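**Q** Structure below; questions to follow.
The values are calculated or read from the model by the stated rules, or taken from the named source; none is laboratory data. These numbers were taken from a predicted model, which means no experiment stands behind them. Glycine also receives a Cβ, built like all others from the backbone with ideal geometry; neighbour counts cover every protein chain displayed. Areas reflect the complete protein model, heavy atoms only, side chains present, ligands, DNA and RNA absent. Shrake-Rupley method; radii C 1.70, N 1.55, O 1.52, S 1.80 Å.
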Amino acid sequence: MNQGLLLRFENLVQLRGACQQLRALSSREVCGAQWKPVQLSAHPMGSLLLHPQLWPKHRLTSAALSQCRHLATKEETKKRKKIPLARGEVEIRQKMTVEELAQAMGKHIDHVYEALLYTDINLDSVEPDSILHEDHIKMIVQKSGMKYKSAKLKEEKERKNTDAVKRPPADPAILTPRPPVVTILGHVDHGKTTLLDSLRKTQVASMEAGGITQHIGAFIVHMPSGEKITFLDTPGHAAFSAMRARGTNVTDMVILVVAAEDGVMQQTIESIQHAKNAGVPLILAINKCDKPEADPERVKKELLAHDVVCEEFGGDVQAVNISALKGENLMVLAEATVALAEMLELKADATGLVEGTIIESRKDKGKGPLTTAIIQRGTLRKGCVLVAGKTWAKVRFLFDENGKAVDAASPGIPVEIMGWRESPSAGDEILEVESEQRAQEVVAWRTYVEQQEKMKKDLEVIEAKQKEHRLEYEKKQEKLAHLTWRQRKAVLYKANKHLMFSRPKERTEMDENTLSLIVKGDVDGSVEAILNVLDSYDCEDECKLDIVYFGMGDISENDINLAEAFNGVIFGFSVKASESIKKLADKKGIKIKLHNIIYKLIEDLKDELNSRLPPTVVETTIGEASVLDTFSVTVGKNKIPVAGCRVHKGLLDRKMKFKLIRNRDVIWKGCLSSLKHHKDDVQVIKTGMDCGLSLDKNLEFSIGDEIICYEEKEVQHTTSWNPGF
């Protein structure tokens, strides 16, 4: 046995020597020596030693080159020049994410999270794509027993601005007259659409859902005298404030419609403010003057408080009393509009590259993204390449307000454009560019600028969060100041270890008190209006509102899948859901709520929020009794306290719940164990009757105690959110 141990020991010694020689071999130059294994005769299986035999330098070099010769490409040459990292060395850079650091270290991402437990970072806010501070990166590398090496950052060249811009002002000599763009503003249901309907001699108002305009309509009205007027009919509902603001930004004048019997209302005041902000003149149309309760003079006086002074009061605002429904005085209003347009001398350049503004955008199943736009400069034709926001279009077709194809649209003319790659946002500026390649350059630049701004904002938020967490960390360190360094780290690790196993990415359970929404609308402005209403939601403590997705178009299978994943509800505004989609939603238990009127959609949303709120338990008092005497009854070996009571209000029902009140404090709640009247067990004791009762808990009674009989009912709690209309 001793001989066997001796042999093993000798083999280990020889193996150690071989390892040392191999290590030395790796550090030698080519001009050194070749190493050959020589087998010893004493121990053929375990005793291998490496002995050097010197070779000539030129033979070694040629042998190495013959084995390694190959054609080198440019990329391989670059790779060869790069100095490899030493073992245990990590190349770090600024703004590394958790995931990138784990990959650079060759570690699992959980290793980085575990190292972060020793820092002031709150793991609740850390995601795999969260950016780490440079100090934390260095600390994590050092904690892992590695060295760090800062990567040489290439200085990014300042990117050339390739955005499209408006042309310089045109020469006044080439300007030609154009139709005025008139926006009709006013409170909801004051007759704006009826007025426009009477001017156009069509039936627009009868087609509107609930008699309320749901999005901007742009129309051309041909006057008997031959003039053209472009009218924008904006929604008067409170939810569509952004649309009204957009309407005034492209307009030349505003017709303010006020109902003679209602007077100045909330959206009337807002419309006046929009007109002032846009710096456009007003014409006052006092509608519904045919009604017996109409009082036009009151309307004019009310408007004085908002700096709208009519001509009869010494101001410059024309006031026309009309009845849109009966068509009274409409030509007077039209003539006032034409007269004001002549005073403004509205002209535009109809040549060169097109400029315009998108009034509305929507998605059509057959035509794709469509936009309604007002052309402000140039003449739009088929084949023009346009840029708006972060998308572009090669115009395939142009349509007028009646859906008829047109060949061109000159300044002041509303037109529907087909050919967009994606739907632009309402309010975006339209600019024509020379080619599709130029359009792609513009979109790429705008996307880049937006990304840079987002990164800047994200970095500011991250730095603010890190500062907040650092302050919290310093406070914790102050509390642990009396401990040694190792004790402090141990305490912090134990306190934060559970956070590593509950990172946000791994939390799949949704809060039951959360309503997830998918919002779909017919046009971009409708979706915008709904989102603006949802932005006013301020009852997160009652029920959280989570908007998972929003967009335009009919309800699709993707919407159903999203709603299923987030346990959400789909709200559609002026869109449709096919029978197959409805069946799929029923199969998966997904609610689809379709509406054509904005306030009904909001009411339905409030009902949905109410259904998510926990019910409130309400106690209803049925009867009250006073304790007049106390005594005890022996049952078996136990003495049970009994109260002699008289009912002075309502009745006592044994099936209900009871409270024992002493000195205005509730000292017991529960059920009765017995209720007797003249030694007989009874179910109910009415007002004025005496009784004896005992509780299901052996409590001592006192004379003067109050016994309350009550019933508990669950009442559905309602949200306190008020959208403002």
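**Q** Show me, bin by bin at 10 Å from 0, the whole-percent P(r) of segment 89-150 based on Cα pairs.
**A** Whole-percent P(r) values from 0 Å outward: 24, 66, 10.
**Q** Given H placed 1.01 Å from N in the peptide plane, which residues other than close sequence neighbours of Ile430 have an amide H under 5 Å from its amide H?
**A** Answer set, sorted by chain and number: Gly356, Thr357, Ile358.
**Q** Right, next: Name the residues whose placed amide hydrogens come within less than 5 Å of the amide hydrogen of Met689, ignoring near sequence neighbours (fewer than 5 apart) on the same chain.
**A** The list, which skips near neighbours in sequence, is Val647.
**Q** Which order do Ser720, Ser361 take by accessible area at a 1.4 Å probe, largest first?
**A** On the way: Ser720 80, Ser361 0 Å².
Order by accessible area, largest first: Ser720, Ser361.
**Q** Which order do you get for Phe571, Phe566 if you rank them by accessible area with a 1.4 Å probe, largest at the top?
**A** Details: Phe571 5, Phe566 75 Å².
These residues rank, largest area first, as Phe566, Phe571.
**Q** While we're looking at this one, here's another question. Expected output is a single nm value to one decimal: the length gained when fully extending between Ser632 and Thr620, i.e. 0.36 nm times separation in residues minus the C-alpha distance. What is it? Provide the component values of the computation, followed by the final result.
**A** On the way: separation 12, 0.36 × 12 = 4.32 nm, distance 3.04 nm.
Contour length minus the Cα-Cα distance gives 1.3 nm.
**Q** Here's a follow-up. What does the net charge come to around Leu584 if you take all other residues with beta carbon closer than 14 Å to its beta carbon, with K and R at +1 and D and E at -1?
**A** Working: positive: Lys582, Lys583, Lys587, Lys588, Lys591; negative: Asp554, Glu557, Asp559, Glu564, Glu579, Asp586.
Around Leu584, the surrounding residues sum to -1.
**Q** Right, something else. Rounded to the nearest whole Å², what accessible area per residue is found for segment 252-409 with the 1.4 Å probe? Numbers along the way, then the final one.
**A** On the way: 7080 Å² over 158 residues.
Solvent-accessible surface per residue comes out at 45 Å².
**Q** Separate question: Leaving ligands, DNA and RNA out of it, report the carbon-plus-sulfur percent of the accessible area of segment 89-150 at a 1.4 Å probe.
**A** Working: 1240 of 2990 Å².
C and S fraction of accessible area: 42 percent.
**Q** Explain nothing, just compute: Karplus ³J(HN,Hα) = 6.51 cos²θ - 1.76 cosθ + 1.60, θ = phi - 60°, for every residue of segment 703-713 in order, whole Hz, x for Gly and Pro.
**A** 5, x, 5, 10, 10, 10, 9, 9, 10, 9, 10
**Q** Further, regarding this structure: Quick one: of Lys467/Lys544; Lys363/Lys390; Lys107/Lys143, which pairs are farther than 20 Å apart, Cα to Cα?
**A** Values: Lys467/Lys544 27 Å; Lys363/Lys390 17 Å; Lys107/Lys143 13 Å.
Correct reply: Lys467/Lys544.
**Q** Here's a follow-up. Can you give the net charge of the other residues whose Cβ lies under 12 Å from the Cβ of Asp407, counting K and R as +1 and D and E as -1? Mind dumping the intermediate values first?
**A** Values: positive: Arg381, Lys382, Lys404; negative: Asp400.
So the environment of Asp407 carries a net charge of +2.
**Q** Can you work out the accessible area per residue across segment 531-612, with the rest of the protein chains kept in place, probe 1.4 Å, in square angstrom?
**A** On the way: 4260 Å² over 82 residues.
The answer is 52 Å² per residue.
**Q** Turning to a different aspect of this structure: Between Glu335 and Lys657, what is the spin-label point distance in nm, taking each point 7 Å from the Cα along the Cα→C-beta axis?
**A** 7.7
**Q** Is the shape of segment 349-483 rounded, prolate or oblate, going by the alpha carbon gyration tensor and its root eigenvalues a ≥ b ≥ c, with a/c under 1.5 for rounded and a/b larger than b/c for prolate?
**A** Verdict is prolate for segment 349-483.
**Q** Next question. Rounded to the nearest 0.05, what FRET efficiency do Thr351 and Glu450 give with R0 = 35 Å and r taken as the Cβ-Cβ distance? Could you check? Don't jump to the answer; show the numbers that get you there.
**A** Working: r = 32 Å, r/R0 = 0.93.
For R0 = 35 Å, the calculated efficiency reads 0.60.
**Q** Same structure, new question: In what order, largest first, do Asp163, Asp129, Asp252 sit by accessible area if the probe radius is 1.4 Å? Could you put the intermediate results ahead of the total?
**A** On the way: Asp163 50, Asp129 105, Asp252 25 Å².
Largest accessible area first, the residues go Asp129, Asp163, Asp252.
**Q** Also: Lys and Arg at +1, Asp and Glu at -1: add these up for the other residues within a Cβ distance under 10 Å of Gly383 and post the number. All intermediate terms of the calculation are to be shown ahead of the outcome.
**A** Details: positive: Arg381, Lys382, Lys394, Arg396; negative: none.
So the surrounding residues net to +4.
**Q** For segment 615-716, what mean projected area does the convex hull of the alpha carbons give, in nm²? Mind showing how you got there, number by number?
**A** Working: hull surface 26.8 nm².
Value for segment 615-716: 6.7 nm².
**Q** Let me ask another. Taking the full set of protein chains and a 1.4 angstrom probe, give the accessible area of Met689 in square angstrom, rounded to the nearest 10.
**A** Estimated to the nearest 10 Å², Met689 gives 60 Å².
**Q** Can you list the aspartates and glutamates whose alpha carbon is less than 15 Å from that of Lys404, not counting same-chain residues fewer than 8 positions off?
**A** Within the straight-line limit of under 15 Å, Lys404 reaches these aspartates and glutamates: Glu416.
**Q** Straight-line reach only, C-alpha to C-alpha below 15 angstrom: list the aspartates and glutamates that Lys326 could link to, leaving out same-chain residues fewer than 8 apart.
**A** List returned: Asp197, Asp290.
**Q** Can I ask one more? For Glu328, what accessible area in Å² do you get when you roll a 1.4 Å probe over the heavy atoms of the protein chains, rounding to the nearest 10?
**A** 90
**Q** If you take the beta carbon distance between Lys475 and Gln94 as r and set R0 to 25 Å, what does 1/(1 + (r/R0)^6) give as a FRET efficiency, to the nearest 0.05?
**A** 0.35
**Q** Between Ser361 and residues 5 or more places away or on another chain, which pairs have amide H atoms under 5 Å apart, with H built 1.01 Å from N, and which residues are they?
**A** Result for Ser361 returns Thr372, Ala426, Asp524, Gly525.
**Q** Return the carbon/sulfur percentage of the accessible area of segment 380-473, one whole number, probe 1.4 Å, all protein chains in place.
**A** On the way: 2480 of 5150 Å².
Carbon and sulfur: 48 percent of the exposed surface of segment 380-473.
**Q** Mind checking the per residue accessible area of segment 615-716 for me, 1.4 Å probe, whole number of Å²?
**A** Working: 6400 Å² over 102 residues.
Each residue of segment 615-716 exposes 63 Å² on average to a 1.4 Å probe.
**Q** When the accessible area of segment 508-610 is split by element with a 1.4 Å probe, what percent falls to carbon and sulfur? Walk me through the numbers before you get to the answer.
**A** On the way: 2210 of 4970 Å².
Carbon and sulfur: 45 percent of the exposed surface of segment 508-610.
**Q** What is the log10 of I(q)/I(0) for segment 514-611, computed with the Debye formula using one identical point scatterer on each Cα and no solvent, at q = 0.18, 0.19, 0.21 Å⁻¹?
**A** -0.78, -0.88, -1.08
**Q** At R0 = 45 Å, how high is the FRET efficiency between Lys576 and Leu483 if r is their beta carbon distance? Nearest 0.05 is fine. Can you show the working numbers first?
**A** Numbers: r = 67 Å, r/R0 = 1.49.
Using R0 = 45 Å, I get an efficiency of 0.10.
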